[in-house]
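Below is one structure; the comments refer to it alone.
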Amino acid sequence: MTAARTPLDTPPLAIQDLSAHAEGTERPLLEGIELAVPAGSVTAVIGPSGSGKTTLGLAALGASRHGVRLTGQAVLAGTDLLLLEPARRPAARAGRAAQLPQHPATVLDPVRRVGGVLTELAALGHADRAGRKEAVRRALAAAGLDPDAIRRRFPHQLSGGQQQRLALACALVTGARLLVLDEPTSGLDPALAHALGRTVRTLADGGAGVLLLSHDLPLVRDTADRVTVLEHGRAVDAGPTATVLGGGGADPDPGARAPHARRSTVEPSADRHPATRELLAAERRTRAGQAVTPGTAGNDGTTSAPEGPRGVVARGIVVRRRAGDPLAGPVSMAFPPGSRTALLGPSGSGKTTFARVLAGLTTPSQGDVRMDGGPLPRRVDRRTAAQRRAVQYVHQTSADSFAERRPLREQLADTARLLRGLRAEEAAAEAKDLAGVLGLDEALLLRTPDRLSGGQLQRCALVRALTARPALLVCDEVTSALDTVSRERLIEALPRMLVPDRTALLIISHDAPVVRALAAEAAWFDGGRCVRRGPVDELPPIVWSGEPEPGPGGADRPARGG
Amino acid sequence: MRGYVLRRSLLAVLQCLMVLVAVFALGSLLPGDTADVLRGEHGTPAQVAALRTQLGLDEPAWARFWHWLGGLCAGDLGNSLMTGTPVAEDLGRRIGVTALLGVPALVLVTALAPLLGTVSGLREGSRLDRALNSAAVLLHAVPEFVLGLLLVAAVSLAAGLLPATAVGMDTAALLAQPAVLVLPVSVLTARHLCDLTRQVRVGVAAGRHGTVATHLRLLGMRERTVVLRHVLPGALGPAVQQYARCVEGMLGGAVLVEAVFGLRGLGSGFVEAVQNRDLPQVQAYALLFAGVTVAVNLAADLAAYRLAPRREVTA
Amino acid sequence: MTVRWRTGAAGGERGRRPSWTALALFGVPVLAAVLGPWWGPSGPWTEGALPSQPPGAEHPLGTDVLGRDMLWLVLHGGASVLGGVLGALLIGMAGGVPLGLLAAGPRRGLDEAVMRALDLLLALPGLLVLMVLAVSGHRDWYWLVTAAGSLQVPAIARVVRGAVLAPGTRTVVEALRMQGHGWAYIHLRYLPRELAAPLATDTGSRFAVVLYLLASANFLGLGLPAASPDWAVLIERNSDALFTQPAAVLVPAGLLTALCVGGNLLVDHVLARQRSTR
C-alpha cells in the first residue's frame, strides 16, 4: 500500500487555513480548516448535510466544484497542491492520493473491462509491468474481490456490492498513501456497510492515511481514530473518537450491533460543542424511537398463521423473470388486522417484489393473495373498489407518484372518494386532517407537487394510502427521503393513524431504528426467500449488522490511541 | 454477448425474409402488369395475352416466387422487361458511378466526424464548435436535391468554378475528370458529416464532465489518457449507430444526388426502373438497397454492443 | 484542477432568447402556403407568355418551362407541401400512439410482439420504401402521404411507450390504479397530458424528417403529377433551365430550405430551453 516516494514521517495530508468560496455568495463554504491525516490512522469528518464535507473532501485533493475558489494550503505528501496550476494537480496526486465518492458504482467506466482500467490506474504508481500486474492483484484482493474471476468483466456484470468493492480497488491500485472516502456507506445495506468499515480499518492498520467524510456515526465510531465536527463550513469540535462521540450513547440494545461496536462506554462529556451534542442527540432520539410504540401491537398469537381467515393472506407467491430471479419464492405470509410486520434483508432480495405482488402491481407466476378468505385478482386494474382498498402500497420513490399539474388536495381526496364513496368535500377534509397529523398544513396541499419537497411528497403519499383505510398498508422505504425531525414525527404518528382492528402494517426498511419503532414481527429475506421470521425484539444481531457469521473470534480490535 | 449476437442476427434474417416476400408480393399486386405497359394502349387483348405467356406472367404467384427465389440463389436477377438485357449487367455498369460518389463520401465522414466531434466536444463554445453546430442545424433537414441545386447556382453559375452536371459520363470519364465529382460528393457528405460530428461531440462533452472522468482525474490520471481511453470509447457506442443511419441516409441521398447531377449510377437506375415499372429491375434494386441497409444496421448494432455492452440496443 | 459539474452555459443562454431568425424563416413559407391559394387570378396561364422567361414587369418571378406565371405557382405550391407533412404526421400519430400505449400496457407478451413487429418495419429507409410503393401504380398524393405517415408509426410508438414506461410516469399510473381510477381516467385524462410534451418535441423533429421524405419523393416524380405547382415538383421541372431562368428553381428551393431550417431552428430552440429549465 505504501509508496516509497516520500519519507514516512511526512503526514499523507496536512490542511492548513483552508477556505472555500463559491462565486457570487457571501458565506464561505469552508473557513479556516486545519486538519492532518497521519499515516496509519482514520480521521473522520462528521456534520449534517450541507456542512461542507464534500467540498472539504475535494479540496484535500486540490479539486473543487466548478465556480468554487480555494485558499490556504492542502499539502499532499509534502507538496502544496493549491500552489500548483490546476492542470498540473492530477500529476501531483497520481499515486499519492485516491478517492472513493458517494455513489461508487457511478464512477466505474461502463464500456471498459475491469482489468484494463485497473492496469491504467496502476501505471500511476508503478513504472514496470510486473509491478502493475502485482498492484492490480493486490488491490483487488485487498478490496475483497477475486482477481482472476473479475478482470475480464464489465462493471455492469457485477453485483452492487462487487461494484462498490471494485471502486475501492480503483482507489487502492494507485498505491496511494491517502484515501478520501466521501459518505462511503450511503445507499448500502447494513451488511455491505459493515464490510466496508472493516476494510477501511484494515487499510489504515496497513499504513495508509484515511480521511472519512460521513454522517454515519456508528461507522465513524467503528473505524475512526480522530473526529472533526464540521458545522457551516467550520471545524467546531475535534478530538479522539471516544472523547468526542462516546461509545454509542444510549443504544438501547448493545447486543444488536456487532460485538466490537461496544468499544467504549465513555459518555460524551457535556462540555462538547453544541453541534456535536445535536448530532449525538439526533442519533439517540432515533434509536429510542421504540419507546413511543404503543403497547397495542397485535403480536399476541394472531400473526404467523398462514391460514388465518381475517385480513390479507399471501400464499405460495412465486415470481419468475426471464433474466435473474429477484423473487424465487415461494413465500407465504399472513397480515391479520392490527399486525405490524417488517421485511428485512439485503438489497435485491425480493422484498419490494413481494410487496408489489400484494398490491397487484407485479403479477406472480404462482400463488394467490386473499382478503378475509376471498381471493384478490392478481392485477390491480382487475380489482373492484373494495378490493383495491384492501392493499395500499406506498412506493419507494413515492415523491414521483403524483400527477404533475393537479393540486395535491384533489389528488389526496380521490382515494376516499373513489374507494369509499365519500363526497369530494368529505374526502378532502379527511385527507387534510391526516396530513395535519404528519405536519403538512393546509396551504401546502393547495399547491401542485412540483412545489413540495421530496420528504413532503413522501408524507402525502402516505396520506393518500391511509385515506383508503386499507386492510394492509405497505410502506416501502418511506423514511428514506426524510430528515431526522420528519422521520421522528412519522415514527411517532404512523401507529396512531392506522385504523385499529382493521389495518395491518408492512414496512420495508434498511433503517433499524425505524423497524424497531414500528414493527413487532420481522421477516428476513435473502435470495428471494423468506429465510427467518420472529418478533423484532428477538432477532439476532446478524439481522442488524448484516454479518454473515458472527465468528467466534469477534473480539475487539487492539485499542488505538487518540 | 453470444445470446445478443444470436438474437440480433435472427432479427436480421427475418428482416431479409420480409423484404424478399414484400418485394415479390409488390409485383403481383400491380393493377396492370408489364405486358400492359409494353403494349401500351394500342395492343389488342390477344397481343397482350400472348406477351404475358411469353414473359411467364400467367403462372400462379407462388410458382413465380419460387422461380424467382431459385434464380436469386443462382445469382440470376432476371432480365429487364424493357431492354431484355440481364438486370445484373445493368447493375454492374452503374455500380462504379455510385461507388465513385459513395466511397469518398464515406471515407470523409468516417475520418472527419470522430476527429471534429472530439475536438469540438473538448472545446465547447469555441468557434469551431459553434460553426459545426450551426452547420448541423442548417443542413439537418434540407433535402440533397435542394442543397445540390443551391450549390450549383452559387458555385457553378455565379462563381463559375466547378462543372454543374455530369450528364452521360461513365466511370472512366468521371475518373478522368474528378472535378465533376466535387459538388456531388460534397452534397452527399455534408449533412451526414454534421449529424455524426454532433453525435460524437455530445458524447465527448457529456463524458468529459461525467462522474467517471472526474473521478479518474481525482485519482491522478492524465487528461490525455482520460479522453482517449475513457471519454472517446464511451462516445463511440452511440455514434456507431448514428453511423449506420448515415450509410442508410446516403443510399437515399445518392438517388437524389444522381438525379440532380445527371449521373448514371444505381440511384438513377432505380428511379428509371420505377418510372418504367420494370419489375425485375425494381426488385433487384430494392433487394440490393434493403440488403445493404439490413447488413449495415446489423454490423452497427453488434459493434455498438461490443463498445457499450451495458446498453442493449434493439434494432 | 477544477472539477466541472455543469456544462458550459453558452447553449442555455442562447436558448432562452426568442429566436426571431427562426420564426421569420419558418413563418414566410408557412404564410405563403396558407394565404397563397387565396391570392390573385384563378390560373397561372396568361395570353402569349413564353416559357422560362426571367423576372419582368408582367411576371414578377418570370415564367416556368411551360410558360406559367412563377409567382402564382409558388403561392399555390406550398399548400400541398405543408398539408402533406401535417397529414403524414397525423397519420403517424393515429397509428403510433395507440400502438405505443398498447405496448406499454401490463401485458409483457403483447409488448414484445408489438415492438418486435415494429422493429422489422423500422429497418428500411423511407425514401426507398416510397419508391418501391410507387411501382405498384398508386401514384397520387394521398397514397404518398399515407405511406410517409405509416413509416413514422414505429418511431412514434417507441416514443409513446418510452414516455409511459418512464419511471416517474409508471409510478404515477400505479398509484392512480391503487386509488381506484379506471382505464378511462388513466388513458384519456392522465396519460394524454403527460404525453403532450414528449410527443410535441418528437413531432417537431419529425416534421423535418417527413418534409425531407415528401419533398424528395415529389422531386423524383413519385407522387404529384408533373403539372402540380408543388415546390418540389417546380424545382424538378425547372432544374434544366437553371442557367436561363434561375428564379424558377431558386425561389421554390429557397422556400423549402427556409421551411426546413426554420423548423429545425425552432425545435432546437425549444429543446435547448427544456434542457436549461430541467
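Side notes on the structure shown:
Yes/no per residue for (1) out of contact with any Ser or Thr (no Cβ under 9 Å at 6 or more places or on another chain); (2) polar (S, T, N, Q); (3) within 12 Å of chain C (Cβ to nearest Cβ):
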site	(1), (2), (3)
A:Glu425	yes, no, no
A:Ala435	yes, no, no
A:Arg447	yes, no, no
A:Asp450	yes, no, yes
A:Cys475	no, no, no
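- Test: residue in the range C:168-179 that is touching a residue at least 40 places away in the same chain (Cβ under 8 Å) and more than 7 Å from every other protein chain (Cβ to nearest Cβ): no
- Just one of the numbered conditions (1) in the same structural domain as B:Val202 (by TED's automatic domain parsing); (2) at pLDDT below 85; (3) surrounded by fewer than 13 Cβ atoms within 10 Å (Cβ to Cβ) is not true of B:Ala63: (1).
- Remark: B:Ala190 falls outside the filter, which requires a residue to be free of Cβ contacts under 8 Å to residues at least 40 places away in the same chain and either more than 30 Å from A:Ala63 (Cα to Cα) or open to solvent by less than 40 Å² (accessible area, probe 1.4 Å) (or both).
- Residue in the range A:59-73 that is open to solvent by less than 30 Å² (accessible area, probe 1.4 Å), over 16 Å from A:Leu168 (Cβ atoms) and in contact (Cβ under 8 Å) with a residue 60 or more places away in the chain present: yes
- Matching residues in the range B:97-124 - criterion: being open to solvent by less than 30 Å² (accessible area, probe 1.4 Å) and at the interface with chain C (Cβ under 9 Å from one of its Cβ atoms): none
- The listed residue being among the hydrophobic types (A, V, I, L, M, F, W, C) and open to solvent by less than 10 Å² (accessible area, probe 1.4 Å), out of A:Ala169, A:Ala193: A:Ala169
- Verdict on B:Val247 being surrounded by 24 or more Cβ atoms within 10 Å (Cβ to Cβ) and within 11 Å of chain C (Cβ to nearest Cβ): no
- Each residue in the range B:255-271 was checked for being open to solvent by 10 Å² or more (accessible area, probe 1.4 Å), aliphatic (A, V, I, L, M) and in contact with a Ser or Thr (Cβ under 8 Å, 6 or more places away or on another chain), and 3 pass.
- Any chance A:Gly24 is farther than 29 Å from A:Arg234 by Cβ, more than 11 Å from chain B (Cβ to nearest Cβ) and of a type outside the set (A, V, I, L, M): no
- For the range B:78-89, the set of residues classified as in contact with a strand residue (DSSP E or B) (Cβ under 7 Å, 6 or more places away or on another chain) and surrounded by 17 or more Cβ atoms within 10 Å (Cβ to Cβ) consists of B:Asn79, B:Val87, listed by residue number.
- For B:Ala290, the criteria (1) touching a Cys at 6+ places or on another chain (Cβ under 9 Å); (2) within 14 Å of chain A (Cβ to nearest Cβ); (3) touching a residue at least 60 places away in the same chain (Cβ under 8 Å) hold in every case but one, which is (2).
- Inspection of the range C:22-40 finds no residue satisfying the criterion of being modelled with pLDDT under 75 and touching a strand residue (DSSP E or B) at 6+ places or on another chain (Cβ under 7 Å).
- Yes/no for A:Val42 being closer than 26 Å to A:Thr276 by Cβ and away from chain B (no Cβ under 13 Å): yes
- Screening the candidates C:Ala117, C:Ala148 for the property of being assigned to a helix (DSSP H, G or I) and either at pLDDT below 75 or surrounded by 16 or more Cβ atoms within 10 Å (Cβ to Cβ) (or both) yields one hit, C:Ala148.
- Remark: pairs (first residue in the range A:395-406, more than 8 Å from chain C (Cβ to nearest Cβ); second residue part of a loop (DSSP other than H, G, I, E, B) and of a type outside the set (A, V, I, L, M); Cβ separation under 9 Å; 6+ apart in sequence or on different chains) = A:Gln396/A:Glu477; A:Gln396/A:Ser480; A:Ala399/A:Ser453; A:Arg406/A:Thr448.
- Test set (1) under 19 Å from A:Glu404 (Cα atoms); (2) open to solvent by less than 50 Å² (accessible area, probe 1.4 Å) - C:Ile156 fails condition number: (1)
- Scan the range C:49-65 for residues that are outside any loop (DSSP other than H, G, I, E, B) and more than 21 Å from C:Ala232 (Cβ to Cβ) and the total you get is 0.
Okay, residues lined up against (1) open to solvent by less than 10 Å² (accessible area, probe 1.4 Å); (2) touching a residue at least 60 places away in the same chain (Cβ under 8 Å); (3) facing chain B (nearest Cβ under 9 Å):
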position	(1), (2), (3)
C:Ser216	yes, yes, yes
C:Ala227	no, yes, no
C:Leu234	yes, yes, no
C:Ala272	no, yes, no
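- Residue match in the range C:122-129 (condition: more than 12 Å from every other protein chain (Cβ to nearest Cβ) and touching a residue at least 12 places away in the same chain (Cβ under 8 Å)): no
- One residue stands out in the range C:183-207 among those that are within 14 Å of B:His140 (Cβ to Cβ) and buried (at least 20 other Cβ atoms within 10 Å of the Cβ): the one that is nearest to the other protein chains (Cβ to nearest Cβ), namely C:Phe207.
- Of the residues making up the range B:250-283, not one is among the aliphatic types (A, V, I, L, M), more than 9 Å from every other protein chain (Cβ to nearest Cβ) and free of Cβ contacts under 8 Å to residues at least 60 places away in the same chain.
- So B:Ser156, is it within 12 Å of another protein chain (Cβ to nearest Cβ), touching a residue at least 12 places away in the same chain (Cβ under 8 Å) and out of contact with any Ser or Thr (no Cβ under 7 Å at 6 or more places or on another chain): yes
For (1) more than 18 Å from B:Ala111 (Cα to Cα); (2) open to solvent by 30 Å² or more (accessible area, probe 1.4 Å); (3) in a helix (DSSP H, G or I), each residue gets a yes or a no:
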| residue | (1), (2), (3) |
| --- | --- |
| B:Val185 | no, no, yes |
| B:Leu196 | no, no, yes |
| B:Gln199 | no, yes, yes |
| B:Val202 | no, yes, yes |
| B:Gly207 | yes, no, yes |
| B:Leu216 | yes, no, yes |
| B:Leu236 | no, yes, yes |
| B:Gln242 | no, yes, yes |
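- If you filter the range A:398-435 down to residues that are acidic (Asp, Glu) and closer than 25 Å to C:Thr169 by Cβ, you find that the one that is surrounded by the most Cβ atoms within 10 Å (Cβ to Cβ) is A:Asp414.
- Residue within the range B:20-35 that is away from chain C (no Cβ under 14 Å), at pLDDT 70 or above and assigned to a helix (DSSP H, G or I) present: no
- Selected residue (only one of A:Ala105, A:Ala87, A:Ala91, A:Ala141 is closer than 25 Å to A:Pro346 by Cα, within 11 Å of another protein chain (Cβ to nearest Cβ) and part of a helix (DSSP H, G or I)): A:Ala105
The values are calculated or read from the model by the stated rules, or taken from the named source; none is laboratory data. Since the structure is predicted, the reported quantities are computational estimates derived from the model, not experimental observations. Reconstructed Cβ throughout: ideal geometry from the backbone, glycine too, with neighbour counts over all protein chains shown. To get the accessible areas, we keep the full protein, side chains included, count just its heavy atoms, and leave off ligands, DNA and RNA. Shrake-Rupley method; radii C 1.70, N 1.55, O 1.52, S 1.80 Å.
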